[in-house]
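The values are calculated or read from the model by the stated rules, or taken from the named source; none is laboratory data. If you're wondering where the values come from, they're calculated on a predicted model, not measured in any experiment. Positions of Cβ are generated from backbone atoms using ideal geometry, with glycine treated the same way; all protein chains shown enter the neighbour counts.
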Amino acid sequence: MQALRSLLFNILMLVTAVIFSLLSLFTFPFSGLTRYRFISHWARLQIWLLKTICNLTYRVEGAENLPGGPAVILSKHQSAWETLAFQVIFPPQVWVLKRELLLIPFFGWGLGLTQPIAIDRRSGVRALEQITKQGRNRLDSGRWVVVFPEGTRVSPGETKRHGIGGAVLAAETGYPVVPVAHNAGSFWPRHGFMKRPGTVTVVIGPVIDSRSRTAQQIRDVAEQWMRDAMDRLERHPYVSGPDLRKDVA
């Protein structure tokens with residue numbers, strides 16, 4: 001039964017992506033924020049479909065940690081789920097992503113209209129400069145910047161060394177960092193067809209003040225918090241309380 005539910009969701013996801021991507025082309029004359037607000041309705045629809053069809057929902061812990069203005073989100077990346085849900089959970093945002101994603105028919109068209117920071121990950125220093133320059137522009141305009149510092153989706157129980165791009169952006173601009181952990185990969189696996197029923201837990205950590213830290217220090221603090229949070233979250237997926245949100249400010 002869950003396989004049929006997952007198949008139905010996947011079909012509707014594809015069909016609605018085509019429809020929204022074509023409609024999004026008409027938003028081109030408007031501002032980036034206006035385009036984002038329209039296109040993000042597709043993500044909201046997918047979250048609703050997941051709940052309705054696949055019995056997959058989510059809960060958020062630590063929402064009180066969110067600052068009042070733009071910030072750099074450094075998040076765990078396990079699934080496609082968070083790229084949808086973050087558009088519901090967090091204020092208007094852009095993502096740092098590999099530019100190849102913009103070449104995907106339909107999906108890439110809509111994605112490009114949201115003004116992402118699309119980098120060539122092989123370009124090294126040039127990519128870092130692009131993240132800093134374009135990230136500053138997006139933050140100054142009121143948009144949040146989402147960075148997945150592991151660089152790719154990582155299966156539950158696995159970790160990768162964090163890249164420094166998001167931390168450099170925070171250190172150079174002085175905008176705060178919000179670390180985020182979640183267990184979405186346990187319900188929507190990397191490259192997985194099945195959407196398992198349950199509740200994804202998203203944990204938002206305390207703000208990391210970037211003004212008094214170097215990029216390396218920011219990366220190390222965020223990475224350690226994320227590792228600790230994921231360790232507790234994957235051992236106790238429904239745990240709540242301050243142990244998952246210990247102070248890193």
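Can you tell me which residue among PRO149, PRO179 is assigned to a loop (DSSP other than H, G, I, E, B) and surrounded by 15 or more Cβ atoms within 10 Å (Cβ to Cβ)?
Just a single option satisfies the conditions, and that option is PRO149.
LEU139 versus (1) touching a strand residue (DSSP E or B) at 6+ places or on another chain (Cβ under 8 Å); (2) surrounded by 19 or more Cβ atoms within 10 Å (Cβ to Cβ); (3) part of a loop (DSSP other than H, G, I, E, B): which is the lone unmet condition?
It fails just one condition, (3).
With the condition kept exactly as written, say whether any residue in the stretch 163-174 is of a type in the set (S, T, N, Q) and under 17 Å from the mean Cα position of the chain (by Cα).
Within the stretch 163-174, not a single residue is of a type in the set (S, T, N, Q) and under 17 Å from the mean Cα position of the chain (by Cα).
Do we have LYS51 as modelled with pLDDT of 95 or more, crowded, with 18+ Cβ neighbours inside 10 Å and of a type in the set (Lys, Arg) here?
No, not satisfied.
Within the stretch 30-62, can you find the residues that are small (Gly, Ala, Ser), out of contact with any strand residue (DSSP E or B) (no Cβ under 6 Å at 6 or more places or on another chain) and either without any contact (Cβ under 8 Å) to a residue 40 or more places away in the chain or more than 17 Å from GLY142 (Cβ to Cβ) (or both)?
Listed by number, the residues that qualify are SER31, ALA43.
List pairs: first residue in the stretch 145-163 and farther than 13 Å from GLU223 by Cα, second residue of a type in the set (Ser, Thr, Tyr) anywhere in the structure, Cβ distance under 6 angstrom, at least six positions apart or on different chains.
Hits for this filter: PRO156/SER186.
If we keep just the residues of the stretch 65-116 that are touching a helix residue (DSSP H, G or I) at 6+ places or on another chain (Cβ under 7 Å) and in a loop (DSSP other than H, G, I, E, B), which is nearest to TRP188 (Cα to Cα)?
Once the filter is applied, the top-ranked residue is SER79.
Looking only at residues that are surrounded by fewer than 19 Cβ atoms within 10 Å (Cβ to Cβ) and of a type in the set (A, V, I, L, M) in the stretch 114-136, which one is modelled with the highest pLDDT?
Restricting to residues being surrounded by fewer than 19 Cβ atoms within 10 Å (Cβ to Cβ) and of a type in the set (A, V, I, L, M), the top hit is LEU128.
Which condition from (1) touching a Leu at 6+ places or on another chain (Cβ under 9 Å); (2) at pLDDT below 95; (3) within 25 Å of ARG227 (Cβ to Cβ) is the one that LYS98 breaks?
Every condition holds for LYS98 apart from (1).
Find all pairs meeting these conditions: Cβ atoms under 8 angstrom apart; at least six residues apart or on different chains; first residue within the stretch 86-101 and touching a residue at least 40 places away in the same chain (Cβ under 8 Å) and within 16 Å of VAL180 (Cβ to Cβ); second residue in a helix (DSSP H, G or I) and aromatic (Phe, Trp, Tyr).
GLN93/TYR36; GLN93/PHE86; VAL94/TYR36
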